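Have a look at the structure below before the remarks.
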Amino acid sequence: MDKMELEAFVAVAEELHFGRAAERLHRGQPTVSDAVRRLETTLGGRLFHRTSRRVSLTDLGAAMLPDAHATLAQLLRFQQRGRSLAAGDGARTTLVVAHAAYTCHQLLLRCLPELRDRFPDVTIVPETMPTTAQLTGLRAETLGLGIGWATGDVTGVRAQVLSTKRFMALVPATHPLAGHTELSASELSTTALLTWPHQINSGLCDRLLAAFHIGGADLRIIRTADSVHAIAAHVAAGTGIGITVESALDQQPPGLRVIPLTGPSTTADQVVLTPTEPSDAAAALRDLLLHASAESPSADH
């Protein structure tokens with residue numbers, strides 16, 4: 001397998017659409033489709049269920065996605081180190097810093113300049129990556145630090161809470177529920193909901209499932225989208241009610257009401273993830289993030 005095959009697999013897995021994946025990679029759709037087919041031939045199984053209307057991951061695809069992310073991160077680190085050595089800068093090391101969707105990106109941006117000043121010989125490589133892939137990369141030592149959403153199995157990785165965020169419902173302004181100041185899981189039971197794909201934000205999805213289970217409600221997800229903007233567009237089109245997390249909202253979506261969910265498990269923890277024995281630079285960044293988060297607990301990070 002080659003890098004293009006892995007990039008195509010990851011892009012299609014995150015977009016759940018071959019056309020959008022091709023646009024993201026600046027490639028033709030046939031090139032992306034061929035790359036995915038080659039990878040499937042190598043692995044001996046299908047990575048996606050394909051129909052004329054939708055694309056979804058198979059069990060094999062969902063299982064291999066974290067490994068694909070980790071392998072691409074390892075390739076990136078290999079390239080960075082090779083370039084440093086070729087430039088005669090053999091003393092430089094690389095710190096790959098991964099962050100999941102909707103996590104404290106602004107907080108990371110505030111902390112990276114100080115880290116760079118403290119460790120001028122370290123090449124810092126930020127990467128967007130789902131939490132499950134971060135855990136794989138941290139255990140394999142291809143990542144130095146991750147920022148993700150709290151999830152079940154963190155064996156071999158240290159997780160510390162940065163902040164806690166509430167789940168929010170996106171409701172059309174004309175919907176009967178639009179006048180509520182809060183919504184419970186029971187009030188959304190059997191409602192057509194739109195949220196993230198499980199493979200992109202498994203921690204958030206599992207937390208949301210727990211909220212409905214505890215409330216004795218029926219969680220009915222009819223569509224997934226990989227960005228809050230896509231979710232909001234479907235809500236505005238009348239497809240259903242969107243569920244997101246407050247840190248994903250940088251502004252009030254026009255024509256929609258944003259209503260917090262209330263009840264058990266309707267919040268999710270953003271965590272900083274490090275190996276059990278992090279590098280000096282990773283430990284320093286972890287401490288910077290924790291300190292900055294404690295100083296601004298009400299900030300949107």
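We did not get these values from a lab; they are worked out from the coordinates using the rules stated. Values in this document were obtained by computation on a predicted structure and should not be read as measured data. FYI the Cβ positions are ideal-geometry reconstructions off the backbone, even for glycines, and counts take in every protein chain you see.
Using alpha-carbon pairs under 8 Å, 6+ residues apart, how would you state the relative contact order of the chain in percent? Let's see the in-between values first.
On the way: 541 pairs, mean separation 63.4, N = 301.
Relative contact order comes out at 21 percent.
Using DSSP, restrict attention to beta bridges with both residues in the stretch 92-301 and report what percent are antiparallel, rounded to the nearest 5. Mind dumping the intermediate values first?
On the way: 22 of 39 bridges.
Bridges in the stretch 92-301 that DSSP calls antiparallel: roughly 55 percent.
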Sum of -39500 (n - 2.57) over DSSP H runs of 4+, divided by residues of the chain (222 nm, nearest 500): -13500 deg cm²/dmol
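Where the convex hull is taken over the Cα atoms of the chain, what is its projected area averaged over directions, in nm²? Please report the intermediate quantities before stating the final value.
Values: hull surface 67.2 nm².
Across all orientations, the chain yields a mean hull projection of 16.8 nm².
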The chain - charge dipole about Cα centre, Lys and Arg +1 at Cβ, Asp and Glu -1, debye rounded to 20: 620 debye
Contact order relative to length of the stretch 125-264, as percent, for alpha carbon pairs under 8 angstrom and 6 or more apart: 35 percent
For the stretch 1-48 versus the stretch 204-280, the gap between their alpha-carbon centres in whole angstrom: 27 Å
Gaussian network model of the chain, springs between alpha carbon atoms under 10 Å - residue of 113, 130, 66 with greatest fluctuation: 113
Cβ-based charge dipole, the stretch 1-91, positive-most Cα from 19, 56, 33: 19
Pairwise label distance in nanometres, residue 177 with residue 220, each label 7 Å out on the Cα-Cβ vector: 1.1 nm
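Please report, ordered by residue number, every helix of the chain (full DSSP H runs) that is 30 Å or longer along its axis going by C-alpha atoms and whose mean Kyte-Doolittle hydropathy reaches 0.5. Can you show the working numbers first?
Numbers: long enough: 59-86 (41 Å, 0.01).
Sorted by number, there is nothing, because no helix extends far enough and scores high enough.
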Top of 74, 134, 106 by mean-square fluctuation, Gaussian network on the chain, Cα under 10 Å: 106
